[in-house]
Amino acid sequence: MKFLKPNNLTELFSSLPEISGKKYFLAGGTDINVQIKNGLIPEGTIIYINHLPELNGIRQDENEIFIGALTTYRELLNSNIIKKHLPFLIHSLKNFASPLLTTMSTLGGNIANGSPTNDVSPPLLVLEAELELISQNDSRRIPFQDFYLGYKKFALKENELIKGIWIKQNAAKGYQTFYKKVGSRKTLTIAKVSVAGLKRIDHGQITKIKIAVGSLNEYPRRLFQLENFLIGKDLDTLLEYDISEILKKEITPISDLRSEKEYRFQVCLNLITKFLSLNFVG
Amino acid sequence: MKINMKINNKPVTIDVDPMKRLLDILREDLHLTGAKESCGEGECGSCTILLDGNPVTSCILNAIHAENREILTVEGIAQTKAGKLLIDCFDETNAVQCGFCFPGFMVSSYHYLMYDGEPNLDKIKHALAGNICRCTGYQKIFRSLYLACERWQKR
Amino acid sequence: MSSVRKIDAIGKLDGSRQFLDDYSYPDMLHGYIYYSQKDHAIIKSISFPKNFDFSQFVIVFAKDIPGKNIVPEPEQDQLFLAVYEATYYGQPIMGIAHKDKNILQQFVKGIKVEYDELKATTDIKECLENEKNHFGRELTIDHHQESEIAPDWIRQKHVYYTPHQEQAYLEPQGMIAKYDPETKSMFIKGTCQCPYFVKDAVETILGKTVQEVVVETSEGIGGAFGGKEDFPNVIAGITALLSFKSGKAVKIVLDRSDDIQITTKRHPARIEIETFTDPETKEIKKLDIDYRLDAGAFQTLSPVVLSRGVLHSYGGYNIPDVFVQGRLMHSNTPPNGAFRGFGAPQAFSAIEAHIDRIAHKMNQDPYQFRKNNLLRKGDEFPTTQKITEDHLFDCLERAVEISSYQDKLKDFAFWNKKHDNKKGIGIAIGYHGGGYTGNGEKILNSEIKIVIEKDATVKIYVINTDMGQGAHTTLAQMFAEAIGHPFSKTIVQIPNTKKSPDSGPTVASRTIYIIGNLLKKTALALKKEIGFSSLEKYVKENPAEFPKEIHNHFKQDPMVIFDEETYQGIAYKDYSWGVCITEIFFHAETYQIELIKSWNVFDVGRVVNEKIAVGQAEGGILQGLGYGTTEFFYKPGFGRMHGFTDYAMPTTLDLPEMIVEFIHTDETLAKGLGEIPMNFPAASVRNAFHNATGIFIDEYPLTPENVFKNLKSTD
């Protein structure tokens, strides 16, 4: 295993094309070290990026908030900008992993690891976050919902990496919010099912709704078919509709050592139903 | 690779593989065996140390993560006033059983005492949520930290 | 003096006390146990990675064993290293050692083994389909009466299942072996409960090639709960073999995932219970139990677990007609071994679940029904042993009182009518026999040694280990209190087979109950013999008599007679009694059971150190609650279970408020405390779930998935 520590972004990008074989970016290390221990990274080059300031920090401009890829969960949870504008994100990530992992785990690392169970994706999806991707000569923004292409498959080009996350300051403003992670216990746990939701009610009708789920497909995703079905429905009569048929088309839960597919499906349905039946000013 | 860090307030330079686990550096190179390896995957907290004042599981960090940073281990904490108070409170309640997880609990408790310190059971439970103990059922651990918070406030 | 501070706490808090992995020796090699990655297979070939300096590795196979390839304790059927065939995932195949831990790890990852897979069984439900899966060992307790079954008696027959449970001591298992070729002596340092078992194991694997084997424990033993009772024998054997072959010190410390995959666990059980109950008197008239344990690939100590299991299977009830049959099943999982409770948690999980089923049928609340059928003073166990105290009744009354059980039954019934989420409260009761079963203590013939030094320091030499339960504090306290000597000058020595006599295994709560009481008796006898008022003063005045060495043996009460053939007589001289009442909150959307509060009342006789005792109980209760709710092994593949996210034991946010109360603490005898807190919590949660939802679940644990399946099938 080779090791590389570039001094800055420019150096990083100029050295990347020269590296042959597999490349692994090392940020907080909380996931990659587990993979190394389990023999999943037998060879290749580890590129340390955790010290690069360009990828760090939480900033805001007029309309948007930027969260650098290397921002740790601890920094995010303590950020006054996030507390002020996106309390929903704080609420959703409060039960992330454990207080010990928040110190080192980075948002970018969590996204790039691409586990279907990752905690950060469902809330980012309903907030309609965008990712800024950078490479040697280019920088581009893509909707977060387009980032995952399959199980651990990403819309990243060769030698491109995540610079950070952009979220509109008012992404959750005026919405009723919902987030629930179901694990085998209350902390130190991997989600069996997670559901994030935003909805807006006008005159008793759903006018806007966004629902995203984790641990139920090869990657976390928005449930667009369900959202389309729900828009325009009266809140009073909402629970009369059977949404399970639509849900069946959009989620494909599996049985494994953490849970069973029938359970995952039913809990997802129950949580969405709960989200729909709640009516409060969020 | 040469890596500089500060451990328990002393500057240290070590020449190691930058990917060597921080826990192994502490235990093997620096003979600080207070941090223990139990799960090796960041899931139990037995290897907890403070990195720039924040608690981390040193079993899933690498030498490079400690470059130019400050580390406080249980050995360092035990020398501080707050550390001594914690030791006395945990000892007084007979909270310790096998003790393998306790260096980790000491570090998380010290962090809570320093950065919050409110005698509040719910907050204490959350602050210790990354540390697993199999012997005690936790209640005496909560009680000990609660007691330490009360005494620290009164000092 | 009652709650003196623990002697080892400060070193465990400041990080200075040494656990096994904290020791190292010059030129020490690191060892690894390479194990089968198949449940059942023929080992066809093994190939090693090429790009390593092979001469730097020490590798041992079964063929390198100079002695016998059979682990001597307790049932002689387990191999140290597999020969040709592997019968479980995790079975050791070879030992490998190298001076560099990282090179060793990389080398191990490059090893390829070719297997021919054979049919395997990892689930006790499958075990039952084939008579070959039966070890051929049967235990029967026959207390049948000639009476006829009345036509109006209500018959109920149900099957209960309990899962594997991992001890999950925080310190993984490990051993250091240091062979001295000159003196042909082997020194072993280990984290274990029974150093004399380890000594026997090392002597067996090395045979006559070694002259002397000495086993000493590390200063700290990071938890055990039964998990370090017999498996350390295997690790010590392989470590010693590596040290013998290399002539160097070798340390093996298991990685967590290896520890989870290869070491012993709690036996899964299938327990079928049939009862006949008189609907008029609401009395259980007849009880038939078929109690089966999955022993795993080898029997090891399963026969003893089975024995304790059947002796606790009928619960704390007075039933005139009882028949119990116990059997051991064979499967392709690691051999199951000792874990706090030793067959009893399985037994109470079944009988206490069944009792709630009968109570429901009789239309009586679970407390009233239990009281109605309770084993009272003067009644008899099915083994004909007479009950001499009414302490189970006292525990029940007290637990019901402090938990406001009866008010809660009413309140919850009312609340549940109006809510989708549900509240529930459940009871489970019973007992635990202290010390070895039957004639075990007579056979053990435990010995202790005490040395009184010239400065009046009392050194206690016993082989019983302090793995966190506080034994060395409590033992010193019992001696010091009895003789009136300062606690600080009464010190239990680190167990070492060369210095400490065989005071028996550190199991079955026998350390305090047998050894502690023996120390106390010895102290009192000494005081009487010499006739001093202060030992310190006496030593000062009579220096010529010191140092003085005293030996004593445990003598079983001659009235304790147990027939191992018929299972009649006194199975345990003294029983601890206990009751657990647990309140839960059921989340209807996620099918999760949230633990709210658990009230536990025990009679363990005299409580020597109250703070230690409460801590022990709280730990045991939480292990029991985990057993009932979140802890299990994924049956389709043991190899899939790696760490503490796969095996979900309770965290700081998962526990309920736990209340512990001891009653009858003014008795002179300290009885067993270690196991009893573990026996009832699982059943209390299951019964609380029934109270909340009206649904009986007969398979543990009550994971949300399991609850969901049961709710769906009753729809």
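Computed from the coordinates by the stated procedures, all read-outs in this text should not be read as laboratory data. What you see is a predicted model; the values in this text were computed from it and never measured. Note: ideal-geometry Cβ built from the backbone for every residue, glycine included; neighbour counts use all protein chains shown.
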With Cα atoms, 0 to 90° folded angle of helix A:261-277 axis to chain A main axis:
60
Residue-count net charge about C:ASP646 - beta-carbon cut-off 9 Å; Lys, Arg +1, Asp, Glu -1:
+2
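Can you give the helix-only mean residue ellipticity at 222 nm for chain A, where every DSSP H stretch with n ≥ 4 adds -39500 (n - 2.57) and the sum goes over all residues, rounded to the nearest 500 deg cm²/dmol?
So the calculated ellipticity at 222 nm is -7000 deg cm²/dmol.
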Ignoring the sites themselves, what is the longest stretch of chain A with no trypsin sites (Lys or Arg not before Pro) in a DSSP loop and at most 14 other beta-carbon atoms within 10 Å?
A:174-282
Could you tell me which of the pairs A:LYS94/B:LYS6; C:LYS199/C:LYS459; B:LYS84/C:LYS498 are separated by over 28 angstrom between their Cα atoms in the structure shown?
A:LYS94/B:LYS6; B:LYS84/C:LYS498
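In µm²/s, what is D for the protein assembly as shown at 10 °C and 1.306 mPa s, where D = kT/(6 pi eta Rh) by Stokes-Einstein and Rh is the Kirkwood radius from Cα pairs? Write down the numbers at each step before the final one.
Values: Rh = 31.4 Å.
D = 51 µm²/s.
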Where the centroid of each part is defined by its Cα atoms, how far is segment C:525-575 from segment C:246-284 in Å?
34
So between C:PHE52 and C:HIS144, what do we pick up on full extension, going 0.36 nm a residue minus the alpha carbon distance?
26.4 nm
Compute a Gaussian network model of chain A, connecting alpha carbons closer than 10 Å, and tell me which residue from A:THR103, A:THR252, A:THR237 fluctuates the most.
A:THR237
Cleavage-rule hits, chymotrypsin sites (Phe, Trp or Tyr not before Pro), segment C:69-123, DSSP coil, Cβ neighbours within 10 Å at most 14
C:TYR84
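How high is the relative contact order of segment C:559-634, given as a whole-number percent (alpha carbon pairs under 8 Å, six or more residues apart)?
This gives 20 percent for segment C:559-634.
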Please list, in order along segment B:19-28, the HN-Hα scalar couplings obtained from phi with the Karplus expression 6.51 cos²θ - 1.76 cosθ + 1.60 (θ = phi - 60°), rounded to whole Hz, x for Gly and Pro.
8, 4, 5, 4, 4, 5, 5, 4, 7, 8
Considering Cα pairs under 8 angstrom that are at least six residues apart, work out the relative contact order of segment A:51-141 and quote it in whole percent.
22
Per-residue [θ]222 nm for chain C (sum of -39500 (n - 2.57) over DSSP H runs n ≥ 4, rounded to 500):
-8500 deg cm²/dmol
With -39,500 (n - 2.57) per DSSP H segment of 4 or more residues and division by the full residue count of chain B, the 222 nm estimate, nearest 500 deg cm²/dmol, is -10000 deg cm²/dmol
Inter-part gap, Cα centre of segment C:42-107 to Cα centre of segment B:20-57, in whole angstrom, is 30
Charge sum, other residues only, whose C-beta stays under 9 Å from C:ASP27's C-beta, Lys/Arg counted +1 and Asp/Glu -1
+2
Long-range amide H contacts for A:ARG221: which residues qualify at under 5 Å (H placed 1.01 Å from N, peptide plane, sequence gap of 5 or more or a different chain)?
A:VAL213
So what are the three principal axis dimensions of segment C:228-299 from its Cα atoms, in whole Å, longest to shortest?
75, 21, 18
What angle do you read, to the nearest 10 degrees and between 0 and 90, between the alpha-carbon axis of helix B:81-92 and the longest principal axis of chain B?
50
Given A:LYS186/C:LYS228; A:LYS83/B:LYS140; C:LYS489/C:LYS527; A:LYS2/A:LYS37, the pairs whose alpha carbons are separated by over 23 Å:
A:LYS186/C:LYS228; A:LYS83/B:LYS140
May I ask you to evaluate 6.51 cos²θ - 1.76 cosθ + 1.60, the Karplus curve with θ = phi - 60°, for each residue of segment C:683-688 and list the ³J(HN,Hα) values in order in whole Hz, giving x for glycine and proline?
5, 5, 5, 4, 6, 5
Order of C:LYS712, C:LYS408 under a 10 Å beta carbon neighbour criterion, fewest first
C:LYS712, C:LYS408
Relative contact order computed over chain C (Cα-Cα under 8 Å; 6+ residues apart), in percent:
15
Between C:LYS528 and C:ASP407, what's the calculated FRET efficiency when r is the beta-carbon distance and R0 is 60 Å? Round to 0.05.
0.70
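Given a Förster radius of 22 Å and the C-beta distance between B:LYS6 and B:HIS31 as r, what FRET efficiency does 1/(1 + (r/R0)^6) yield to the nearest 0.05? The partial results should precede the final answer.
Values: r = 17 Å, r/R0 = 0.77.
Efficiency at R0 = 22 Å is approximately 0.85.
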Report the net charge of residues surrounding C:PRO172, where surrounding means a beta-carbon distance below 11 angstrom and charges are Lys +1, Arg +1, Asp -1, Glu -1.
-3
I'd like the Karplus ³J(HN,Hα) series for segment C:247-258: coefficients 6.51, -1.76, 1.60, θ = phi - 60°, whole numbers in Hz, and an x wherever there's a Gly or Pro.
x, 10, 5, 10, 10, 10, 10, 6, 5, 4, 5, 5
